[in-house]
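Step one of this worksheet: look at the structure below.
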Amino acid sequence: MIITAALFAGYIYAASELRVQDIDEVQPSAKGRFLRLLYHLVLISLLALATATDFDCYIIPDQITIAGMFIGLVAASVVGDLQICHLWVDWSIAVPQLRGPYIPAWYDPHRHWHALAWSSAGLIAGASVTGVARDISSRVLGQQAMGFGDVTLMAMIGSFVGWQAVLLVFLLAPIAGLTVGVMIRLLTGKTYLPYGPWLSLATIFVLFRWKWLWEHTRLIFSDWLGLSILVGVGSAGFIVLLGLVRLYRAIPVHRYD
């Protein structure tokens with residue numbers, strides 16, 4: 001509860017004062033900005049619940065993730081002004097001080113349909129990349145490295161943040177897992193750690209640093225070639241991660257009574 005309260009306070013300040021969610025091509029109204037803040041606070045609450053349960057019971061209940069998907073999709077569709085990025089924006093044609101990126105004209109007159117498409121794309125992307133990674137890791141390691149709860153968790157996250165942000169979450173989660181996981185391994189001797197908390201931690205990072213992340217990755221998300229390169233790099237990184245997991249399990253641990 002203390003950590004969740006601290007995250008709430010930090011995010012309210014970051015979103016309201018530092019404008020960490022404000023990007024050039026998405027400019028919600030004052031009401032939309034306030035509702036988006038509440039929307040993300042709901043996501044943070046769901047992530048806190050999922051993380052606590054996963055650490056304690058090694059399971060992420062469907063009551064959290066399925067309900068979260070429903071909230072993410074419905075709220076985005078009803079309000080129509082909660083997205084942190086459009087469904088598709090082409091920054092490859094932008095010329096500084098001459099013209100901006102290409103944004104499809106139908107977005108503005110059909111805000112609610114656009115929001116539904118954006119949230120649905122995030123849900124599908126989150127579930128798909130995690131499902132494929134789960135299958136690959138199970139084959140490589142000979143046992144399940146991720147549970148199906150991780151798949152539904154990423155689907156829920158994607159419904160709140162969209163497909164671009166959820167792909168960044170997927171790429172950043174292994175860094176968080178390895179950094180903190182090795183320390184936990186050395187301190188406790190645990191050979192298995194849930195993956196859901198690292199997905200949640202990466203999501204929090206993306207929320208707090210979205211403006212900076214988008215400014216440095218928007219060209220990658222603007223064309224299929226750049227996106228293919230991103231997926232290739234992510235796949236290579238995931239293979240490296242699996243090798244490091246094997247090494248992680250081999251770290252000698254001496255327990256002292």
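The values are calculated or read from the model by the stated rules, or taken from the named source; none is laboratory data. Quick caveat: nothing in here was measured; it's all calculated off a predicted structure. Methodologically, a virtual Cβ is constructed for each residue, glycine included, from the backbone with ideal geometry; neighbour enumeration extends over all protein chains shown. For accessibility, only protein heavy atoms count, side chains too; no ligands or nucleic acids. Shrake-Rupley method; radii C 1.70, N 1.55, O 1.52, S 1.80 Å.
Details
- Lone qualifier among VAL79, VAL42, VAL74, VAL95 - being of a type in the set (Val, Ile, Thr) and either over 27 Å from TRP113 (Cβ atoms) or at pLDDT below 95 (or both): VAL95
- Restricting VAL42, VAL26, VAL74, VAL95 to those that are in contact with a His (Cβ under 7 Å, 6 or more places away or on another chain) and not aromatic (Phe, Trp, Tyr) reduces the list to VAL26.
- Matching residues, region 165-177, being buried (at least 16 other Cβ atoms within 10 Å of the Cβ), modelled with pLDDT under 95 and either under 14 Å from GLY234 (Cβ atoms) or not small (Gly, Ala, Ser) (or both): LEU167, LEU168, VAL169, PHE170, LEU171, LEU172, ALA173, PRO174
- Residue under evaluation TYR13, criteria (1) open to solvent by 90 Å² or more (accessible area, probe 1.4 Å); (2) closer than 24 Å to LEU123 by Cβ; (3) modelled with pLDDT of 95 or more, criterion not met: (2)
- Qualifying residues in region 47-62 (those that are in a helix (DSSP H, G or I) and of a type in the set (A, V, I, L, M)) - the one surrounded by the fewest Cβ atoms within 10 Å (Cβ to Cβ): ALA52
- Positions within region 79-116 being of a type in the set (A, V, I, L, M, F, W, C) and surrounded by fewer than 13 Cβ atoms within 10 Å (Cβ to Cβ), in sequence order: ILE93, VAL95, LEU98, ALA105, TRP106
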